[in-house]
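Notes to accompany the following structure.
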Amino acid sequence: MTTWRSALEKYLECRTKGLVVETDDFFDCVSAEQAKRVKRYSTFRWEQLNQRNARPIKSKVQIHTLQVEREMEDEVVVRIEAREWYAYQLERRWHEQEKEMQMRVILHRPQDKWLVVHEEKIPHEAAIPVFHQYENTEAEDKRQTKTDQSYSYNRLQAIRYAEAWWNDYNPQFRHFDVDCTNFISQCLYAGGIPLQVTGSRSNGWWYRGGNSPSALWSFSWAVAHSFRWYLEKGRIRTETKSSADQLSLGDVICYDFDGDGRWQHSTIVVAKDGRGMPLVNAHTTNSRHRYWDYRDSTAYTPNIQYRFFHIL
């Protein structure tokens, strides 16, 4: 009789193998319904790779933590935090992609055999921000008026920051569970974009207070929807592009996964693949050199909308 741990180990091993080769090896350690879900996702992923003419080469998954949330005679629920890595070849160039994963795996034992019956991404719950009334100062007003007209965007510094902190959190800022836009704002700030300090959370683009509980920030600094509109209407000089291949390193992509007008995600372009398409870094699901279209995301829908911002 197999143990639930051996069934889980085989599932994770085959899951990793499936990043580079099409395999059915894990079907004897998953339920019929889970096998259909895995097969459906694998088919979708391989279609995406074929469309890009990308050839996967190597893969691995490094488990950070494995926590048993519930263990009963015929059911076990396990929470896993891990890093997924794989390498692929495109236009004779080697590319690497990394992604942090937090997932919950449920195993059942219908007879004498443990089976994985469900895997789900653990959703990120929005942090409850601590806001206090903010009083602008005359000195800050004068400094902002001066810098608004004179900044120069240093793309290299923004990219260096994105590479340094893609899987970590700068202690000079608060970390949110939904951290994507906070991270991209930090990247732009590291690249020399000045804060636009105002007395309102609904205006400007600003952060102050470091990592203290009383830290303050504007909606545009940390909320994807507000950030998208600030890039379009605010004081950061931008130019919208019609397609992803027109972007440069250090530019920004905003995502409306459902196509309903509510923008939910932000990424920064840090590299290009062999065909000149953007590879991005992001937080929340911490990712490095991820293909820009996010078709491999569980949040993806056919209605997805993108906004491509070239930072001037």
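The values are calculated or read from the model by the stated rules, or taken from the named source; none is laboratory data. Everything quoted here is computed from the prediction, not taken from an experiment. All Cβ positions, even for glycine, are placed from backbone atoms using ideal geometry, and neighbour counts span all protein chains on display.
Mind checking whether some residue in segment 234-252 is surrounded by fewer than 18 Cβ atoms within 10 Å (Cβ to Cβ), in contact with a Pro (Cβ under 8 Å, 6 or more places away or on another chain), under 23 Å from Glu91 (Cβ atoms) and not small (Gly, Ala, Ser)? Yes, some residue in segment 234-252 is surrounded by fewer than 18 Cβ atoms within 10 Å (Cβ to Cβ), in contact with a Pro (Cβ under 8 Å, 6 or more places away or on another chain), under 23 Å from Glu91 (Cβ atoms) and not small (Gly, Ala, Ser).
Does Gly259 fit the bill of being out of contact with any Asp or Glu (no Cβ under 8 Å at 6 or more places or on another chain), surrounded by fewer than 19 Cβ atoms within 10 Å (Cβ to Cβ) and not acidic (Asp, Glu)? It is true that Gly259 is out of contact with any Asp or Glu (no Cβ under 8 Å at 6 or more places or on another chain), surrounded by fewer than 19 Cβ atoms within 10 Å (Cβ to Cβ) and not acidic (Asp, Glu). On the stretch given as segment 17-37, residues that are closer than 29 Å to Gly274 by Cβ and without any contact (Cβ under 8 Å) to a residue 60 or more places away in the chain total 5. Taking residues in segment 285-303 that are without any contact (Cβ under 8 Å) to a residue 40 or more places away in the chain, and partners anywhere that are surrounded by fewer than 18 Cβ atoms within 10 Å (Cβ to Cβ), the pairs with Cβ atoms closer than 6 Å and at least 6 places apart or on different chains are Tyr294/Tyr300.
Yes/no matrix, rows are residues, columns are (1) in contact with a strand residue (DSSP E or B) (Cβ under 9 Å, 6 or more places away or on another chain); (2) of a type outside the set (Gly, Ala, Ser):
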residue	(1), (2)
Ala7	yes, no
Gly18	yes, no
Asp24	no, yes
Asp28	yes, yes
Lys39	no, yes
Ser42	no, no
Glu47	no, yes
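Looking at segment 291-307, can you tell me whether even one residue there is on the phi < 0 side of the Ramachandran plot, in contact with a Cys (Cβ under 8 Å, 6 or more places away or on another chain), in a strand (DSSP E or B) and buried (at least 24 other Cβ atoms within 10 Å of the Cβ)? No, segment 291-307 contains no residue that is on the phi < 0 side of the Ramachandran plot, in contact with a Cys (Cβ under 8 Å, 6 or more places away or on another chain), in a strand (DSSP E or B) and buried (at least 24 other Cβ atoms within 10 Å of the Cβ).
Would you confirm whether or not segment 247-262 contains a residue that is modelled with pLDDT under 95 and more than 24 Å from Gly276 (Cα to Cα)? No, there is no match, as no residue in segment 247-262 is modelled with pLDDT under 95 and more than 24 Å from Gly276 (Cα to Cα).
Conditions tested, residue by residue: (1) of a type outside the set (D, E, K, R); (2) more than 18 Å from the chain's Cα centre (by Cα).
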| site | (1), (2) |
| --- | --- |
| Ile236 | yes, yes |
| Ser242 | yes, yes |
| Asp260 | no, yes |
| Ser266 | yes, no |
| Ala271 | yes, no |
| Gly274 | yes, yes |
| His283 | yes, no |
| Ser287 | yes, no |
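Counting only strands (runs of 3 or more DSSP E) that sit completely within segment 45-126, those holding 2 or more residues that are touching a helix residue (DSSP H, G or I) at 6+ places or on another chain (Cβ under 6 Å) correspond to 55-71, 115-121. A single entry from Ala222, Ala282 fulfils the requirement of being out of contact with any strand residue (DSSP E or B) (no Cβ under 7 Å at 6 or more places or on another chain), surrounded by 14 or more Cβ atoms within 10 Å (Cβ to Cβ) and small (Gly, Ala, Ser): Ala222.
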